[in-house]
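Just below is one structure, and these are the notes that go with it.
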Amino acid sequence: MPECQKCGTKNPEGAQFCSGCGTKLTIFPRLEKKTRKPEKNNSELKIQVILALIVLILIIVAILMSFIPGVGIKI
Ligand SMILES: [Zn+2]
């Protein structure tokens, strides 16, 4: 029996609108499924991020070095 959220009138099963006030009856689905994210092992991801950062820093350093005269690779 869907009960009106507004006026509390009990409506027949399957009713979409309240017979008392005309408010649209909203049938709330059970939210039992908790969208809990699976706990991933973040240590592996962190290592990858750190490695990526190190590589990035090395690339930046290499670029900066090439701009400094006398430090870059002389051909
Ligand atoms: Zn109502």
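Quick note: the coordinates plus some simple rules give every number you see, no bench work behind them. Small disclaimer: the values here were computed from a predicted structure and weren't measured. Methodologically, a virtual Cβ is constructed for each residue, glycine included, from the backbone with ideal geometry; neighbour enumeration extends over all protein chains shown.
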Seminar exercise, completed: For Thr9, the residues 5 or more places away or on another chain with a placed amide H closer than 5 Å to its own amide H are Cys4
Problem set entry | 5 angstrom amide H check on Cys18, placed H, neighbours 5+ away | Thr23, Lys24, Leu25
Seminar exercise, completed: Here the net charge surrounding Cys4, from other residues whose Cβ is less than 15 Å away from its Cβ (Lys, Arg +1; Asp, Glu -1), is +1
